[in-house]
Amino acid sequence: MSHSTTAPARQEQPALRRVMGPKLLLLFIVGDILGTGVYALTGDIAAEVGGAAWLPFLVAFVVATLTACGYLELVTKYPHAAGAALYTHKAFGVHVVTFVVAFLVVSSGITSASTASRAFASNLSAGFGLGLGNGGIVLVALAFMALVALVNVRGVGESVKANVVLTLVELSGLLLVILVGVWALFGDAADWSRVVAFDTPSDKGVFLAVTTATSLAFFAMVGFEDSVNMVEEVREPHRIFPKVMLTGLTVTAAIYVLVSLVAVALVPVGTLAESPTPLVEVVRAGAPGLPMAEILPFISMFAVANSALINMLMASRLVYGLARQRVLPPALGRVHAVRRTPWVAVLFTTGLALALIAYVSFADADAVAVLGGTTSLLLLAVFAVVNVAVLVLRRDPRPGRYFRTPTAVAALGAVACLYLVTPLSGRPAAQYRIAGLLLAVGVLLWLVTVLVNRRLGIRTRDTVDPETIDAAG
């Protein structure tokens, strides 16, 4: 392509500010993983496997760690903000595949953030006893998403500091559950024999029940991959990333396992499965004097606010990275001259989120629940591709130091993720129907992007190569 077409635009864009050290990055990762999932999924998981609800969380942690090792090799080898899309393009060089992977990651973040915003509004209404109708809740959700956008535009430093506060609040709710379990050790409220009892649905064997529950539990483990899109704002990523990401995964897995153990020991599986707020039942059983029913809406409100903030932070940085690699129109890669944030990408992703909030708010409850499973499904598909990309890109040796995952780990990660994507894992058909619709939308957006790039004189084969782009402009 003619480099002169885009070189001036490239020269005007400043680099992102590197403000994240190991502590902020660790809180970012832990806060992203500790989203709303654990507050609602414990009962659903117990319904699949009975008292051994801790096992699916443990299996999900193993699968996530396998994939995290692959991400660590690639993010330290190619320290750019585009994440899975960049790795896919470097490994396979097929533009439409690159775009679809990128679209799935972006849409999963926006979908999660939009749903979290709707949940934030519902919890705010319940916590303050406002009795808002659906219309009022939609307005609160839209206003909250606009506030998230303002924090995002102001700067990643402010966004991550807000994440620190929200992470500590949502963590307090889970620690409360664990402390109640410790207290129950000295009383007779807990039945610890239940934690080793499998009780699977009549139409499923133990293995299928565990994999079905793992598919649910994995939704609570996702989030570690978002940090890849913050790499250009992290100091010394080759040194910091491996230790911090693996530490964050281990911390969250330990919390999940402890929470699930306490939950099953204190509350019968049937009660957990039927309750929309299973952790409330846990605290009521272990410490009846605590006013948890009044406290939980506020803790949940902070938890979902954190999820919305981090998911929108990830989505905007990914869009910025894709625009810099010319997979999306270059205008989306513009950086604010003063704040040094990707403001156009923030506005773009926020606009999509606002539209999605309106849709989710008027969909039935089953559709929202299936959407969460679909998010897990799409991310597992992306993770399978990333693990394969690790092996393919071994043919591209790079100078300097970077993390190297064992070949067997990458291969096992690809197989495990792919299995959890297939119907063999027990996923319902509705998730595949929604995934198919999202893919259709993604392909349509790819065609639009190709047309925009052609009008700008950008050839498809010149996209997604940061080294070439940076050298050109």
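Measuring from label point to label point, each 7 Å out along Cα→Cβ, what is the ARG334 to THR422 span in nm?
4.8
For GLY50, which sequence-distant residues (separation of 5 or more, or a different chain) have an amide H within less than 5 Å of its own amide H, given hydrogens modelled in the peptide plane?
ASP199
Where in the stretch 81-151 are there chymotrypsin sites (Phe, Trp or Tyr not before Pro) that are in a DSSP coil and have at most 14 other Cβ atoms within 10 angstrom of their Cβ?
PHE128
For a quick size check, give me the Cα extents of the stretch 281-418 along its three principal axes, largest first, whole Å.
Answer, in whole Å and largest first: 61, 44, 31 Å.
Using amide H atoms built in the peptide plane, which far-off residues or other-chain residues are under 5 Å from THR405 H to H?
Under 5 Å from the amide H of THR405: GLU73.
For the stretch 415-445 and the stretch 257-328, what is the separation of their Cα centres, given in Å?
24
Where in the stretch 121-135 is the amide nitrogen less than 17 Å from a point lying 7 Å along the Cα-to-Cβ axis of ALA358?
The answer is 134-135.
Which value, in Å², gives the accessible area per residue of the stretch 277-330 when a 1.4 Å probe is used on the protein heavy atoms?
25
Give me a comma-separated list of calculated 3J(HN,Hα) values for the stretch 148-154, in order, Karplus coefficients 6.51, -1.76, 1.60 applied at θ = phi - 60°, integers in Hz, x for any Gly or Pro.
Along the stretch 148-154, the couplings run 4, 5, 5, 4, 5, 5, 4 Hz.
Quick check for you: which residues of the stretch 187-216 have the amide N under 17 Å from the point 7 Å beyond the Cα of VAL257 toward its beta carbon?
From the stretch 187-216, the list is 195-197, 214.
Show the residues, 5+ positions off or on another chain, whose built amide H is closer than 5 Å to the amide H of TYR78.
Long-range HN contacts for TYR78: none found.
Fully extended, how many nm does the chain gain between ALA146 and ALA429 (0.36 nm per residue separation, minus their Cα-Cα distance)?
98.5 nm is the gain from fully extending ALA146 to ALA429.
How much length, in nm to one decimal, is gained on full extension between ARG239 and LEU132, taken as 0.36 nm per residue of separation minus their Cα-Cα distance?
33.7 nm
Please list 3J(HN,Hα) in residue order for the stretch 248-262, calculated via the Karplus relation 6.51 cos²θ - 1.76 cosθ + 1.60 where θ = phi - 60°; whole Hz, with x for glycine and proline.
Taking θ as phi minus 60°, the curve returns x, 4, 5, 4, 5, 4, 4, 4, 4, 5, 5, 4, 5, 4, 5 Hz for the stretch 248-262.
Apply the Karplus parameterisation 6.51 cos²θ - 1.76 cosθ + 1.60, with θ equal to phi minus 60°, to every residue of the stretch 86-91 and state each ³J(HN,Hα) to the nearest whole Hz, in sequence, with x for glycine and proline.
The phi angles translate into 4, 5, 5, 5, 5, 7 Hz.
Set the Förster distance to 35 Å, then compute FRET efficiency between VAL97 and ARG401 from the Cβ-Cβ distance, nearest 0.05.
Here the calculated transfer efficiency is 0.75.
Put a dot 7 Å past each Cα toward the Cβ at VAL164 and LEU456; how far apart are the dots in nm?
3.6
So for the pair LEU439, GLU274, with labels modelled 7 Å out along Cα→Cβ, what separation do we get in nm?
With each label placed 7 Å out from Cα toward Cβ, I get 4.0 nm.
The values are calculated or read from the model by the stated rules, or taken from the named source; none is laboratory data. None of these values were measured; they are calculated from a predicted model. Please note: Cβ atoms are built from the backbone with ideal geometry, for glycine as well, and neighbour counts cover all protein chains shown. These area figures cover heavy atoms from the full protein model, side chains too; ligands, DNA and RNA do not enter into them. Shrake-Rupley method; radii C 1.70, N 1.55, O 1.52, S 1.80 Å.
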